[in-house]
Amino acid sequence: MLLTFFSGLLTRLQTSAPTVRTLLLSNSFSQNIPSCLWKLGRLNHVAIAVPDLEKAQSLYKDVLGARVSETVALPEHGVYTVFVELGNTKLELLHPLGEKSPIASFLQKNKTGGMHHICIEVDDIKAAMAELKKKKIRILSEEPKIGAHGKPVIFLHPKDCHGVLVELEQA
């Protein structure tokens, strides 16, 4: 009976294998991807706005055991940042630096904090900007600004990105 089970399983695998190979070898997926002069890279970080930066740092460092950076002020962006290392990506904890900070207004609407944006690396931020403008995706600044990693960044309007604030960072 066991031999019959394995024989049947082997037969099903052999008949389904050509289908899998055909799907893997077909270019239908890659044909749907438009060619660009720039490429998306890896997820660099997910940013979380926090009302109490020390408490958030303590959660990730002392409770969860993550490696947590020192606090860095970024006056040009109106934020304090802390990075939590996760191995394959990072979390960026954001706290307002001044009353005009975009994080201050975010926290007024979301008192306990929450996800603020995602950051994806690109290999050519200027080419990305040019092409996104042609595709009617709004960019929240005319030129890239230097971000928390010392690299040029831009932000895409959340209304053009299905409700998500997207940061693109030069890899």
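The values are calculated or read from the model by the stated rules, or taken from the named source; none is laboratory data. Treat the numbers as computed from the prediction; the structure is a model and nothing was measured. Note that we place each Cβ from the backbone using ideal geometry, even for glycine, and neighbour counts take in every protein chain shown. Accessible surface areas use protein heavy atoms only, side chains included; no ligands, DNA or RNA. Shrake-Rupley method; radii C 1.70, N 1.55, O 1.52, S 1.80 Å.
For region 45-88, state which GluC sites (Glu not before Pro) are in a DSSP loop and have at most 16 other beta carbons lying within 10 Å of their beta carbon.
Counting only loop positions with at most 16 other Cβ atoms within 10 Å, the GluC sites (Glu not before Pro) in region 45-88 are E70, E76.
Quantify, in whole percent, the carbon and sulfur part of the accessible surface of region 102-171 (1.4 Å probe; protein heavy atoms only).
That share works out to 57 percent.
Mind checking the full-extension length gain between L43 and N88? Use 0.36 nm per residue of separation minus the Cα-Cα distance, one decimal, nm.
Stretched out fully, the L43 to N88 stretch lengthens by 15.3 nm.
Report the trypsin sites (Lys or Arg not before Pro) located in region 84-171 that are in a DSSP loop and have at most 13 other Cβ atoms inside 10 Å of their Cβ, or state none.
K100, K111, K135, K136, R138
Hey, which of these cross-link pairs are over 25 Å Cα-Cα: K39/K109; K111/K135; K55/K111; K39/K111; K100/K135?
Flagged as over cut-off: K39/K109; K111/K135; K39/K111; K100/K135.
Starting from the Kirkwood radius over alpha-carbon pairs of region 100-143, derive D by Stokes-Einstein at 20 °C in a medium of 1.002 mPa s and give it in µm² s⁻¹.
Diffusion coefficient, whole number: 167 µm²/s.
Any idea how far apart L74 and E99 come out in nm if each label point goes 7 Å out from Cα toward Cβ?
So the two model labels end up 2.4 nm from each other.
Hey, what does the equivalent ellipsoid look like for region 45-123, semi-axes from the Cα gyration tensor as sqrt of 5 times each eigenvalue, largest first, whole Å?
Largest first, region 45-123 gives 19, 16, 12 Å.
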